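Taking it in order: structure first as structure tokens, then the write-up.
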Amino acid sequence: MEKELLFITVIGEDKKGIVAKISTLLYECDINIEDINQRIMDRYFVMTMLVDMKESKYPLEKVREEIEKIGDALQLKIQIQHENIFKMMHRV
Amino acid sequence: MSISVEEVFETASMILNQNLDIRTTTLGINLKDCIDNDFHKFTDNVYDKIKKNAQRLVQAAEKLESKYGIPIINKRISVTPVSLIMETHCTREKYVSMAKTLDRAAADSDIDFIGGFGALVHKGLTRSDKVLIESLPDVLAATEHICSFLNVGTNVAGMNLDAVNMIGSMLKETASRTKDAVGCAKFVVFANAPEDNPFMAGAYHGIGEPDMSLNIGVSGPGVVRSVVEKNRNCDLTQLSEIIKRTVFKITRCGELIGRELSQMLNIPFGIVDISLAPTTAKGDSVADIIKAFGIEAVGAHGTALAIALLMDAVKKGGAMASGNVGGLSGTFIPISEDSGMIEAVKCGALNLAKLEAMTAVCSVGMDMFAIPGDTPAETINAIIADELAIGIINNKTTAVRVIPVPGKKAGQSVNFGGLLGEAPVMEVNPYSSSDFLNRGGRMPAPVTSMRN
């Protein structure tokens, strides 16, 4: 079965519990984490997670809503975007 | 193929911090098949065709916004130039009634603007075209969502001065009948108007287009400004290269959304218009890009070079990113919709003469600028004729969206609010050219049009 890959991007100040909170949510939704990376860029803490939503129990809109709640609670900017947008923009 | 953290961060921050968005998805709809001898049947057909398809557009665009986390700001409709479909119904009353139908269809399907209430009159006026122009003050006063256009010149037909001469008085009447003259913000006059332009007020569904087509307008002045600011010391060749690379990425977003949306709707993908379109949001300004080049204020000597460089780089980056580049594709330099342009007028750096010169190298023309309400109609016509002559001779699109604000003098300001922004009232040249314009007729096509 083909994967449905999306990137979750977290931008902001590094703090405890970011990975824990997001990965708990993803586990509850039945979304698999394929890869995690983090870096300090332009003074920001940046973490990206590549996730597979193929078996997700919830539609993307609902997952986005929940992720945004975590972002608000931790005062971080969190984005979830299908991987195609990155392929289009960064690969010729 | 793995995507690096840096690449993901770059895309995410373009959207989160630099106002990257898809500015508009505009669905072009042919209305010729709606024509009926019975006018009520005709308007019903128009309403049904627009509403059905507009609703599908809005729903599909919202799905893609969620999938890609990129805002799609406007969902719009453009239609067959209305003067064409009204040939057998051309009375002022019926024109107003058709406008109200289109307005209602837009409102009922969450569409903010519907474009195409206009005519192609570059070679001459039909009876229907004349009635349409005469009805415009009524139409723009009676509707909220209707945008109107006229194409009065092309580089192969020359310029129809008789049509230009009808516009000044029409605009003054429209200004007097709409709050803060805002009706004039919904009318644009063109030379060489593209048939697939997705941006308002000039969008229309051209006569060479299929039954429906989907056109995308990307944007991103904030993204370009941000990379220019990070590269303060590079030379012009490097600067152009940096802008090209950035615009490539922006355009790819538009291409992606266009491809998927057209697939979801089963409607042919028309074009991506790669124009940099400013908004009044902080940082989302074309003027700020020019300033980041190293120019103190827009209008200073050097501004035309800066815009020429920017335009060219935008086109080169966009052309590589999409096989469907079209519409206006360049850089818009409206006054009221760009906080940096407003500032430049207010501080005296930018006047109408320099704005006109800048339009010789930008993609469109003199856009969203206010002039004193007591400006003679003939002077408005002359402003339009000058600007369009630039387009006709230089084989490019030019346009004018001018707002004569009743009761206001140069130096005062008018606030339209929202997307349309705030316009400082600009001084016009007090000398008259009315004897010249009153000669009327048609400016012949330039010799450069003889290419066969």
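Looking only at other chains, what is the average number of their beta-carbon atoms within 10 angstrom of each beta-carbon in A:78-84?
Average neighbour count from other chains, rounded to a whole number: 6.
Accessible area per residue of region A:5-86 at 1.4 Å probe, in Å²?
Here the residues of region A:5-86 average 53 Å² of exposed surface.
Let me check the size of region A:25-85 from its C-alpha atoms; what are the radius of gyration and Dmax in Å?
12.2, 36
Which of the peptides B:376-386, A:69-79 is most tightly packed, and how do the rest follow, judged by the mean count of other Cβ atoms within 10 Å per residue?
Result, highest mean Cβ count within 10 Å first: B:376-386, A:69-79.
Tally Lys and Arg at +1 and Asp and Glu at -1 over the other residues with C-beta under 11 Å from the C-beta of B:Gly206: what net charge comes out?
-3
Give the residues of region B:399-440 whose amide nitrogen is closer than 14 Å to a point set 7 Å from the Cα of B:Ala353 in the direction of its Cβ.
B:427-431
When Cβ neighbours within 10 Å are restricted to other protein chains, what is their mean count per residue of peptide B:7-20?
That works out to 6 on average.
Within 13 Å, Cβ to Cβ, of B:Met368, how many net charges do the neighbouring residues add up to if Lys/Arg are +1 and Asp/Glu are -1?
-3
Starting from the Cα of B:Glu427, step 7 Å along the direction of its Cβ; do the same at A:Glu4; then give the gap between the two resulting points in nm.
6.2 nm
If you roll a 1.4 Å probe over the heavy atoms of the protein chains, what accessible area per residue do you get for region B:24-191, in Å²?
Accessible surface, normalised per residue, equals 33 Å².
Summing Lys, Arg as +1 and Asp, Glu as -1, what charge do residues with Cβ under 10 Å from the Cβ of B:Thr279 carry, B:Thr279 excluded?
With Lys, Arg at +1 and Asp, Glu at -1, the net is -2.
Counting only protein heavy atoms and using a 1.4 Å probe, what share of the accessible area of region B:216-445 belongs to carbon plus sulfur, as a whole percent? Before the final figure, lay out each step's value.
Details: 4450 of 8780 Å².
Carbon and sulfur atoms account for 51 percent of the accessible area of region B:216-445.
At a probe of 1.4 Å, how much accessible area disappears from chains A and B on forming the pair, both sides counted, to the nearest 100 Å²?
Approximately 2900 Å², summed over both chains.
Select from region B:168-270 those trypsin sites (Lys or Arg not before Pro) which occupy a DSSP coil region and have at most 15 other Cβ atoms within 10 Å, ordered by residue number.
Counting only loop positions with at most 15 other Cβ atoms within 10 Å, the trypsin sites (Lys or Arg not before Pro) in region B:168-270 are B:Arg232.
In peptide A:4-11, how many Cβ atoms from other protein chains are near each Cβ within 10 Å, on average?
So the per-residue partner count for this stretch is 4.
By how many nm would the segment from B:Lys409 to B:His40 grow when fully extended, if each residue of separation counts as 0.36 nm and the alpha-carbon distance is taken off?
Full extension from B:Lys409 to B:His40 adds 128.4 nm.
At a Förster distance of 35 Å, what's the computed FRET efficiency of B:Asp386 paired with B:Arg127, Cβ-Cβ distance as r, to 0.05?
0.75
Leaving out ligands and nucleic acids, and using a 1.4 Å probe, what accessible area per residue does region B:216-445 come to in Å²?
38 Å²
Just to verify a number: FRET efficiency for B:His301 and B:Leu419, C-beta to C-beta distance, R0 = 30 Å, to 0.05?
Taking R0 as 30 Å, the efficiency between B:His301 and B:Leu419 is 0.45.
Across the Cα atoms of region B:24-191, what radius of gyration and what greatest pairwise Cα-Cα distance (Dmax) are found, in Å?
Spelled out, the Cα radius of gyration and Dmax of region B:24-191 are 16.3, 50 Å.
The values are calculated or read from the model by the stated rules, or taken from the named source; none is laboratory data. Keep in mind that what you see is a predicted model, and the values were worked out from it rather than measured. For neighbour counting, all protein chains shown are included, and Cβ atoms are generated from backbone atoms with ideal geometry for every residue, glycine included. Just so you know, the surface numbers come from the protein's heavy atoms only, side chains and all, with ligands and any DNA or RNA stripped out. Shrake-Rupley method; radii C 1.70, N 1.55, O 1.52, S 1.80 Å.
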